[in-house]
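Asks: Dumping the structure here so I can ask a few things about it.
The values are calculated or read from the model by the stated rules, or taken from the named source; none is laboratory data. Please read these numbers as outputs of a predicted model, since none were measured by experiment. Virtual Cβ from ideal backbone geometry, glycine too; neighbours counted across all protein chains shown. When the accessible area is computed, the model is the full protein with side chains, heavy atoms only, and any ligands, DNA or RNA have been set aside. Shrake-Rupley method; radii C 1.70, N 1.55, O 1.52, S 1.80 Å.
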Amino acid sequence: MLKYRLFWVLFISTSTSAQELFVVTEPASNMPAKSIGIRMANYFMQIDSSLKTSYHAMPEIMIAPTKNIMLHAAIVSSNQKGGLHVEGLSLYAKYRFLSIDDVHKHFRMAAFGRWSTNNTPVHMDEISIQMHNSGYELGTVATGLLHKTAISSSLYYQKAKNNVQNKHHTDFRLNKSINYSLSFGQLVLPKTYTSYRQTNFNVMLEFIGQVNTGNNKGFLDVVPSIQAIFNSVARLDIGFRKQLTGNLQRDFSQGFIVKLEYLFFNALK
Amino acid sequence: MKNIFFTIALLLMISTAKAQITKIDLQASGLTCSMCNKSIYKSLLTITNIDKVESDLNNNTFTIYFKEAKLVNIDELKNKVEVAGYKVANLWLYTQVEKLGVKNDTHTEMDNQTFHFMDVQEQELSGLVKLRVVDKGFLTTKQYKAFEKKTTMKCFKSGFMEDCCTPKAKDKKRIYHVTL
């Protein structure tokens, strides 16, 4: 009996290890103050109507002017018009307003907002201020870390405006949505740290949901992913996003996400 | 003859105050990943007086060596951890002392800094001594509250010289509250 219990104690203690650098959602935690991050996000999404793959590339710069403030700026580009064309600009800001830390654990909360402009034709009811729509989003995120397991949840409101040169919806009944996410992350390797040069591997599972307030239709996506962190500064994420359930009209309901990220410590003086 | 005894006594008194910080162990809270750990490491290295930092990634403990013991700024270490996005859970000073008399709620000058001993028995210390800083921001909130219950002294809350201090404070000098 004791052996059996010991097995479970060992199993739990070695399997509860993860991180919160999620592939789709941002955690409440910030990068270190005065650091700069660069990110290249690649989305290979299947177009539901044609089954062809569309490619979206989002180069992004992330700056942490203080320990509680994060600022991001991203360019949205895609091959939808043939070749890679710039479609928009997305600005994001996050303010961490709560931080409760203990050894090997923390609970943090942040408020965030995004403003985007986009010039693509709108022909879906799904709203994505990050990639497809002009408009803004406002929300809050809470992230908990217990040993090496991270859980994060966010709730945010999106409001789409006219895309540049393209009308969104003539009556604007469908231009608002409530969005939510629930993310789990777990550090798989290494079991024991020996140096900063060790490659870390994380596995993650994220659930992303949206409800359009105009027609009460929505979707729920799942995003399993793996992540490797090299030399404690560079990140490679590979994830697959797929709709679990939903009745909202959308152009893309599944596809691969590949992200590359690099962090420059103390880059700001 | 009287003068000789007086000189010897004076020399002994000076020797009791002789101390030198050899290193500091700092444990950070709120992190488990090596990327987070590295952000603290890089932040600490921006302090010019730091000679070397050794990092234990599994316990998030940093052993910090200094170029000049007299220029050690304990608050700056805390600030650098907080700038990286984390907090200090424990901070231990290692100091080499000779016949250092300590008593509860008394002040001792070491390396140009004032230390207020708490929760200690009256004793004389020699050799390498490990002191734990118990001021706000150097412990987890829970641990700090436990120490807060042990004293009513105003200086513990503020971290500066207050009316409760003896000798009476001339200015608002920083005092680090420590225990063994």
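Asks: Is it true that B:L100 is open to solvent by less than 10 Å² (accessible area, probe 1.4 Å), at pLDDT 90 or above and either out of contact with any Lys or Arg (no Cβ under 9 Å at 6 or more places or on another chain) or in a strand (DSSP E or B) (or both)?
Replies: no
Asks: List, please: which pairs have Cβ atoms under 6 Å, are six or more places apart or on different chains, and start with a residue in the range A:211-236 that is within 13 Å of chain B (Cβ to nearest Cβ) and more than 18 Å from A:L174 (Cα to Cα) and end with one that is part of a loop (DSSP other than H, G, I, E, B) and of a type outside the set (D, E, K, R)?
Replies: A:A228/A:T199; A:F230/A:T199; A:S232/A:Y196
Quick grid of which residues meet (1) surrounded by 15 or more Cβ atoms within 10 Å (Cβ to Cβ); (2) part of a loop (DSSP other than H, G, I, E, B):
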{"residue": "B:L77", "(1), (2)": "yes, no"}
{"residue": "B:N104", "(1), (2)": "no, yes"}
{"residue": "B:K142", "(1), (2)": "no, no"}
{"residue": "B:F147", "(1), (2)": "yes, no"}
{"residue": "B:C155", "(1), (2)": "yes, no"}
{"residue": "B:D163", "(1), (2)": "no, yes"}
{"residue": "B:D171", "(1), (2)": "no, yes"}
{"residue": "B:H177", "(1), (2)": "yes, no"}
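Asks: Would you say B:Y65 is on the phi < 0 side of the Ramachandran plot and without any contact (Cβ under 8 Å) to a residue 60 or more places away in the chain?
Replies: yes
Asks: What tally of residues in the range B:68-86 results from selecting those that are out of contact with any helix residue (DSSP H, G or I) (no Cβ under 6 Å at 6 or more places or on another chain) and at pLDDT 90 or above?
Replies: 8
Asks: Mind telling me which of the residues A:F201, A:F256, A:F240 ends up being part of a strand (DSSP E or B), within 30 Å of A:L98 (Cα to Cα) and open to solvent by 30 Å² or more (accessible area, probe 1.4 Å)?
Replies: A:F201 is the lone residue from the list that is part of a strand (DSSP E or B), within 30 Å of A:L98 (Cα to Cα) and open to solvent by 30 Å² or more (accessible area, probe 1.4 Å).
Asks: Looking only at the range B:25-36, filter to residues that are at pLDDT below 90 and more than 7 Å from every other protein chain (Cβ to nearest Cβ); which one of those is farthest from A:Q198 (Cα to Cα)?
Replies: So, considering only residues that are at pLDDT below 90 and more than 7 Å from every other protein chain (Cβ to nearest Cβ), the one farthest from A:Q198 (Cα to Cα) is B:L31.
Asks: Moving on to the next point. So which residues in the range A:60-75 are more than 21 Å from B:S43 (Cβ to Cβ) and charged (D, E, K, R), if there are any at all?
Replies: A:E60
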